[in-house]
Amino acid sequence: MEIIRGGMTVELMHPDFMNPNDAESSSRNGKAAQMNINGPECIILSLKRIISHVRYMGKRLYILLQVAVDHEEKGSRGGAEGWEDTSKTKGWSPKVVLAHHLVGHIESWAAKNNTETLPARLLAFLFPGLDYPLTSSHGFCHNDSLPRRLPPNVTPEAFQAFISRAQSIVGAENVTVVDPQNPLEDGTYMDNCKAHDMHSVYERDYFVASAVVAPRGVSEVQAIVKLADEFIVPVWPFSAGRNVGYGGTAPRVPGSVGIELGKNMNKVLEVSVEGAYALVEPGVTYFSLYDYLVKTGLREHLWIDVPDLGGGSIIGNAVERGVGYTPYGDHFMMHCGMEVVLPNGELVRTGMGALPEPGNVPGLAPHEQKPNKTWQLFNYGFGPYNDGIFTQSNLGIVVKMGIWLMPNPGGYQAYMITFPRDDDLSAIVDKIRPLRLQMILQNTPTLRHILLDAAVYNPKSHYTDKNTPLSEAEMDEIAAKLNLGRWNFYGAVYGPEPIRAVLLEAIKAAFLTISGSKFYLPEDRTEENSILRIRSDTLQGIPSLDEPRWVDWLPNGGHLFFSPIAKISGADAALQYEVTKRRCQETGFDFIGTFIVGMRDLHHIVCIVFDREDPEQRLRARWLMRTMIKDCAAHGWGEYRTHLALMDQIANTYNFNDNALMKLNETIKNALDPNGIMAPGKNGVWPAGYDKEQWVLGGEEEWAPPGTQAAAATKD
């Protein structure tokens, strides 16, 4: 086996020093053939011969190996018995014992001398196929190994130097190298993976980080960013890492270093009842802020707005422009004031936060200075409004943010209206528009397709044995069985009882004119896993984990979100539904989706559920997404958010005036981040140092619906 270091080829699997019992190497080396594999002399000879071949791997490793030789030579008397004992008690082969002793002596010396240890990756080169777990729990230094994927244009030596420096900043316990010897475990929504996409649409190790660093505070975020800029190592910041359906924690550029903000920076810094806001760090989730309000007795005064799943970061969701379902459902609209680390490590406060608060103690670090008392009250401050450039972008890391909270409205009532026919969609949406514009629909309501609700109740296998898309008749049958409609509308009214009563009467008067529609309150739905009862909590700002059951519609459920925007128009909604449903079905997937009603728009969320262990289903899911992007762009519909794999394609649809918007974004990117270290490629914005054309994905999606000319050509 050979590796290349600095243009120098080093042959590690040299026949002179590996496996003296091997007949082939014995014939080449008489001295090795005469050695007793159970004797410590084998370690000494192996070490000496390794040393002669690894001089170019660095002075530190060379010295450590030489020290190991000294230790073995001093302790060789009686060593054979210890070797035999190890082999018997552990049940290890001689080759494994050799590896164990070799690394054990080096690490023992290194620990005493407070220095670094032998890279675990070296053992993979020295002992290929060795059945020995190369992890820190078995004495191997996890943080000194080479990663599964190196950052682009970063040498192994530079990477290890970066990691060593990062450990000195945040502590070794907060630096994890993604070891190639360990499998990439997807985890669960709450116990999520930190270095790859748990719902991967390519192989798991494509969008994978080289390492994950978890700063303990703002100054450490600044120091890590400056370090990345010094080494020109790309970084990928994330908060809680639960951006499921859009890529999770995975970086757009494989080998980037993840910056996990949520592990240690998870404090609720302030809650003001008078101002109805909170100031939070990136690790504060909807669950943790809700729990804080309950424990402090503030829940009776203030409500939070939550998305479908409560484990996400409040900052992370807002800067991705996510939504919830109370009247405060537009999360970026409800943010107020940011503290941001720029790509050069400089710290800025936006809006009123740029105005110093009188009385700060001289000499305090900027992030420790008491903020202006109006920072969370007025968004804009003076001059250009900058907050927007830090959303869905790669221009900075938001380390503090204000979020407006909803004063307790004095009363609340959730409801559901079911509609029996698939083609009721147009009429429903046309009823929604005036009610939403007039604020009779106070919150962010949702209009859900029958299969989204059915999937929360049970997996597909509960309803059918077929693996093809369900027919119209089968969906009608499921709706009847669950006492639901083909479309199901979930909303809520807020305020004292007289106000709620008037609003509910207006809502009923509008929707119940649609033939067959039915109105329900939560107490009317007593079935297990009732969607209305789940939504009743969500619509009053109580976070939950009940929604993700729909991901288990198929075995090994993975999912992508396709999220185009449309007018609140019956004709537009019906056409968008027809286009996306047809593409889902011709690709072999069931249409599962919902319309989320904004102030003047529809967020149409198509949930593409696939078996993430099936390469062919992953390919179909990618083809489906790319095809729907083209279809929707042809109708003037653009997506507001997407998965890593599709960012470039969607960014390219926003191409008015010869891509003027992208040129503006790239100009800002290159001015603020000349080395291009901050999340390169995020939402299609690439720094000047990257050849954009080489990084764009999609040309490999060779699939077409069966029976088409394109399918025949692909088969040929």
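The values are calculated or read from the model by the stated rules, or taken from the named source; none is laboratory data. Bear in mind the structure is a predicted one, so any value in this text is a computation, not a measurement. We place every Cβ from the backbone using ideal geometry, glycine too, and count neighbours over all the protein chains shown.
In this structure, G491 does not satisfy being part of a loop (DSSP other than H, G, I, E, B) and either buried (at least 19 other Cβ atoms within 10 Å of the Cβ) or not aliphatic (A, V, I, L, M) (or both). Within segment 426-470, the set of residues being in contact with a Lys or Arg (Cβ under 9 Å, 6 or more places away or on another chain), in a loop (DSSP other than H, G, I, E, B) and among the aliphatic types (A, V, I, L, M) comprises L470 only. For segment 497-512, the criterion of being within 36 Å of the chain's Cα centre (by Cα) and surrounded by 13 or more Cβ atoms within 10 Å (Cβ to Cβ) is met by no residue. Within segment 477-499, does at least one residue satisfy the condition of being in contact with a strand residue (DSSP E or B) (Cβ under 9 Å, 6 or more places away or on another chain), more than 22 Å from R583 (Cβ to Cβ) and among the β-branched types (V, I, T)? Yes.
The lone criterion from (1) part of a strand (DSSP E or B); (2) within 30 Å of A209 (Cα to Cα) left unmet by M628 is number (1).
Can you tell me which residue within segment 207-247, out of those that are in contact with a His (Cβ under 8 Å, 6 or more places away or on another chain) and part of a loop (DSSP other than H, G, I, E, B), is nearest to V399 (Cα to Cα)? Here the residue is G217. Of everything listed in (1) touching a residue at least 60 places away in the same chain (Cβ under 8 Å); (2) touching a strand residue (DSSP E or B) at 6+ places or on another chain (Cβ under 6 Å), the single unmet condition for V253 is (2).
Just to verify a result, which residue in segment 552-589, among those that are buried (at least 21 other Cβ atoms within 10 Å of the Cβ) and of a type in the set (A, V, I, L, M), is farthest from S426 (Cα to Cα)? Applying the filter and picking the extreme gives L554.
Residues in segment 269-291 that are outside any loop (DSSP other than H, G, I, E, B) and of a type in the set (G, A, S): S272, A278, S288. In segment 359-387, of all residues being without any contact (Cβ under 8 Å) to a residue 40 or more places away in the chain and loosely packed, with under 12 Cβ neighbours inside 10 Å, the one that is nearest to the chain's Cα centre (by Cα) corresponds to P384.
Just checking, how many residues over segment 581-621 are assigned to a loop (DSSP other than H, G, I, E, B) and either charged (D, E, K, R) or outside the structural domain of A454 (by TED's automatic domain parsing) (or both)?
Qualifying residue count, segment 581-621: 5.
The C-beta contact set for segment 658-673 (first residue assigned to a helix (DSSP H, G or I), second residue surrounded by 12 or more Cβ atoms within 10 Å (Cβ to Cβ) and among the β-branched types (V, I, T), distance under 6 angstrom, 6+ apart or interchain) comprises N665/V685; K669/V685.
Using the structure shown, decide if A250 is in a helix (DSSP H, G or I) and crowded, with 24+ Cβ neighbours inside 10 Å. For A250, the condition - in a helix (DSSP H, G or I) and crowded, with 24+ Cβ neighbours inside 10 Å - is not met. When restricted to residues that are out of contact with any Gly (no Cβ under 9 Å at 6 or more places or on another chain) and touching a residue at least 40 places away in the same chain (Cβ under 8 Å), segment 516-527 contains 6.
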